[in-house]
């Protein structure tokens, strides 16, 4: 393709509102443009990358036995009422009425529609299992869309839904999908990790997330360096050997102005790990009143709110206000577990610990010589701390490591939580009416475009993995000589014949602009030819983010093909 | 693919609410299912057909030099205000507010979004021409969605938008797109016609529609049997040689109870063509008051309302009420052009006619001996009649023929009507700020699925053209013999190796059911094998809608490949 005829509007300057690398580079390199908050156009290069990802996903889903369908974006409220989500789903579900005053919504996910489709056709266990997927635009009215394609409102997903006659068969398909996802992300050439995950608002019994590793990721994942354990920190069970102080009487001591862990530890001359950090949370549940609870973790640990909410069976936990802290007998900045009128949840690492320091629930005062067993006898123990680098793996005891990740895939064992209320039933092999059990499996196709860039870029621009690059090679024509132009044209033809997608930079621009754009666009291979190279019979071949070398003109195509194959394998 | 593992829910009975063949057959054959009014799921077979159409359209658009992009479904009201369509577009534009109270809509078309995209990047004439297209879901909140995919609310379209520095260049691209559309519909294997069309609500200077010919079509097109003239009847200029009666004095005669053309003609013993049919319309314009006009056509002609509206410069014309007729001096059932206080628009075929009969604007009375020139001297003449079979072609005088068609494509020379208000400007080669000129080009991808079925079906089911068939061949396995099953499997592999997409009917069903489903699904080739055939070493190969013959087992693949190639060429 001739670059002079393509719509690739590159920008010299960083766009003002782009905070992360992928957003900045995808805009600068002319892959996307913003239409309105969280809504983007894919320009020709961006769409080419999107389609490459779709193709890999589609091939692997088909190979795994899933069947592609296409469901609509506009969905009737009626179905969402049947699942109970019309009321429960928050404002991310964009609702509207049509001209006949029928309540409708834009689909952020398709459990309701696919259950409605399947229940109308399902009669016998012989029709199961069935795994239906689609690649389609979704809409979620995010309160704060950000980071470009990373957290948009309209986005492209691959979503799959499987239906089974038994939980065993669901487990089999869950494993099948897990393996399929591993193959997909491997084929995409990404550094990624599959981790155990919280089932969150989708619900269900078991779930794994797939994260592309990148420093800008919004999630933190914990993984073991010795075995294959890996989990979102919202789930990770990593343990630590926690110190105990010397047994002692408990007594109150003044700590004027010292409230932060480091200040108290320094003032009293103890290790931060011997402090008890006590946090008061308000736990909200769909039914029943809000509850205030105190949470104790080691001074050098952090409470993990998703783990806490799961332990409490709460929909959400939030830090309590000073007034709420006072209402249970605490004093903000000096809260400790002794004497509070609320439930105390202590992390497992505090079980049996002695010689601790904790807030005294009095301004400028702490307790020293605290024994959990003796002084906080009603404490409940649970895993409520965030895993840390160096913790022990819960499986093998190896060292836990942390990394930031971008969630690009998620698989769920849903069970019957949608099939039951929506009536997805069939006759089992004994002739009994039975509710189907379900799995669901998502991949964020448009988010992947951004996640790849987060993982694969440098100062100069994007570095596309060969599998995903909009073009495999760019031929940069230097100068205005007609002979050079003709030879570049011939090079493009030879490269295309060798099976590569070629972008020919035939623009009337200075070499500096062309080289800069080639780096910005992130095409894996660059072949540059000008009068000097032509005279010497060589083109300069550069690998994006790697080496450069001169290659005889008639060997360029073979060289590029070999380089491409090496990178695809 | 094994049919036993595919989601192809066929129905024995015709669905109650399906009025046209495509709707009925696509439901029965398990290609689509309804989600809500005008909104459908594409099941695996339906999606396969949709993708085949998309592929042909994409290949030809790329070959024509257009660039694929992807724009969003959700669009901000702001852009539609700039084009002026937020107010003008009717209730088919589905509007809503998001959680931040921003007014938005679901895109029924993308002129606004693409103009916004291009205007931000366009600086110089050197960037033009540019033709951007997408294949994407659209939403139009039709007041009465009907006929399944034919007139749905959510549907898939290919829409392209071209931008040019001059009207000459727009004309060149218009011709390029016209030829591209011809190639696309030829490749799809359809009987179709390109016709001159009204520009309607999209506006612009010139437009052509592409119609798939089918008796159930909602449009009527007129075409010449001798030259290549063809037009929507809303545009067609076909002429006729109209008779004139003998010159006479005008006089009033009683016609008790005779109001209909046939009754009056019979009572007075004259040919219907000598009657003047006078119709009163109310013409509505966006600006200014409604106007009442009288329209005269021959007694055996029909008025063509779109042609009338275009002549009047009206947005819409509708039949007037009896009271409105009286307000201009007419009497419903006996209206004639003489003595009315409104404008009289007479069809060209009445120019200079004499010896006519017309309503006398008195109950049970007509005028005879009417001369248009003498008795209706203020009449304006225009082409306002509907073309009829046998009319003379306006180009060559050949015989006009009529056919019903389904509009599946439409190309427009838009000119500057969007570029001007939206500010799509550039510097021309003289350095002057200039407004770009535009074309737009649509193909109804999902409507095509239905249109093909309307054209290609019989009593038993669909008859897919080879290019569009979800599978090229189905192997029907008869009986439960393991040897037959093994041989069918081998046949499937041989057929796949020969490059055909194969559906293997391995279901545990009676032969009658399998044959019926094969016909319903419309797979072009059917290979049936049971114990009897196996013993004789032959399979029965049937062409859908055609002949049947026995083919030796080891020649089936070669036979099928040859048959496929014959049909693709």
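Summary table below
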{"quantity": "Residue A:286 being in the same structural domain as residue A:357 (by TED's automatic domain parsing), buried (at least 20 other Cβ atoms within 10 Å of the Cβ) and not in a strand (DSSP E or B)", "calculated": "no"}
{"quantity": "For residue B:427: the one exception among (1) within 30 Å of residue B:133 (Cα to Cα); (2) surrounded by 21 or more Cβ atoms within 10 Å (Cβ to Cβ)", "calculated": "(2)"}
{"quantity": "Any chance residue A:317 is in contact with a helix residue (DSSP H, G or I) (Cβ under 7 Å, 6 or more places away or on another chain) and either at positive phi or not in a loop (DSSP other than H, G, I, E, B) (or both)", "calculated": "yes"}
{"quantity": "Matching residues in the stretch B:213-232 - criterion: being over 12 Å from residue B:404 (Cα atoms), surrounded by fewer than 18 Cβ atoms within 10 Å (Cβ to Cβ) and modelled with pLDDT of 90 or more", "calculated": "B:226, B:227"}
{"quantity": "In the stretch B:28-37, the residues that are more than 8 Å from chain A (Cβ to nearest Cβ) and in contact with a strand residue (DSSP E or B) (Cβ under 7 Å, 6 or more places away or on another chain)", "calculated": "B:29, B:32, B:34"}
{"quantity": "Residue list for the stretch A:146-175, filter: in contact with a strand residue (DSSP E or B) (Cβ under 7 Å, 6 or more places away or on another chain), surrounded by fewer than 21 Cβ atoms within 10 Å (Cβ to Cβ) and farther than 30 Å from residue A:426 by Cα", "calculated": "none"}
{"quantity": "All positions within the stretch B:110-126 that are touching a residue at least 60 places away in the same chain (Cβ under 8 Å) and facing chain A (nearest Cβ under 8 Å)", "calculated": "B:116"}
{"quantity": "Given (1) modelled with pLDDT of 95 or more; (2) in contact with a strand residue (DSSP E or B) (Cβ under 8 Å, 6 or more places away or on another chain); (3) farther than 20 Å from residue A:113 by Cβ, number of the condition residue B:19 does not satisfy", "calculated": "(1)"}
{"quantity": "Residues (closer than 14 Å to residue A:451 by Cα and assigned to a strand (DSSP E or B)) located in the stretch A:137-155", "calculated": "A:146, A:151, A:155"}
{"quantity": "Residue B:134 more than 7 Å from every other protein chain (Cβ to nearest Cβ) and either in a strand (DSSP E or B) or under 18 Å from residue A:72 (Cβ atoms) (or both)", "calculated": "yes"}
{"quantity": "Residue match in the stretch A:520-532 (condition: in a helix (DSSP H, G or I), modelled with pLDDT of 95 or more and within 26 Å of residue A:465 (Cβ to Cβ))", "calculated": "yes"}
{"quantity": "Failed criterion for residue A:546 (all others in (1) in a helix (DSSP H, G or I); (2) modelled with pLDDT under 95 hold)", "calculated": "(1)"}
{"quantity": "Residue match in the stretch B:557-565 (condition: outside any helix (DSSP H, G or I) and surrounded by 18 or more Cβ atoms within 10 Å (Cβ to Cβ))", "calculated": "no"}
{"quantity": "Selected residue [more than 23 Å from residue B:154 (Cα to Cα) and more than 28 Å from the chain's Cα centre (by Cα)] from A:53, A:8", "calculated": "A:8"}
{"quantity": "Those residues of the stretch A:105-133 which are farther than 22 Å from residue A:429 by Cα and crowded, with 22+ Cβ neighbours inside 10 Å, in sequence order", "calculated": "A:105, A:106, A:107, A:110, A:111, A:112, A:113, A:114, A:116, A:117, A:132, A:133"}
{"quantity": "Qualifying residue in the stretch A:158-173 (condition: under 21 Å from residue A:403 (Cα atoms) and either within 17 Å of the chain's Cα centre (by Cα) or more than 14 Å from chain B (Cβ to nearest Cβ) (or both))", "calculated": "no"}
{"quantity": "The stretch A:475-494 residues that are at pLDDT below 95, paired with ones that are in a helix (DSSP H, G or I) (beta carbon under 6 Å, 6 or more apart)", "calculated": "A:479/A:531; A:481/A:531"}
{"quantity": "Residue in the stretch A:52-109 that is farthest from residue A:465 (Cα to Cα), counting only those that are out of contact with any strand residue (DSSP E or B) (no Cβ under 9 Å at 6 or more places or on another chain) and within 7 Å of another protein chain (Cβ to nearest Cβ)", "calculated": "A:99"}
{"quantity": "Residue A:261 touching a residue at least 60 places away in the same chain (Cβ under 8 Å), outside the structural domain of residue A:144 (by TED's automatic domain parsing) and surrounded by 15 or more Cβ atoms within 10 Å (Cβ to Cβ)", "calculated": "no"}
{"quantity": "Any chance residue B:465 is surrounded by 15 or more Cβ atoms within 10 Å (Cβ to Cβ), assigned to a loop (DSSP other than H, G, I, E, B) and out of contact with any helix residue (DSSP H, G or I) (no Cβ under 6 Å at 6 or more places or on another chain)", "calculated": "yes"}
{"quantity": "Residues of the stretch A:67-93 that turn out to be over 25 Å from residue B:149 (Cα atoms) and within 24 Å of the chain's Cα centre (by Cα), as a count", "calculated": "7"}
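The values are calculated or read from the model by the stated rules, or taken from the named source; none is laboratory data. What you are looking at is a predicted structure, and each value in this text was computed from that prediction instead of being measured. Here Cβ is always computed from backbone atoms with ideal geometry, including for glycine, and neighbour counts include all displayed protein chains.
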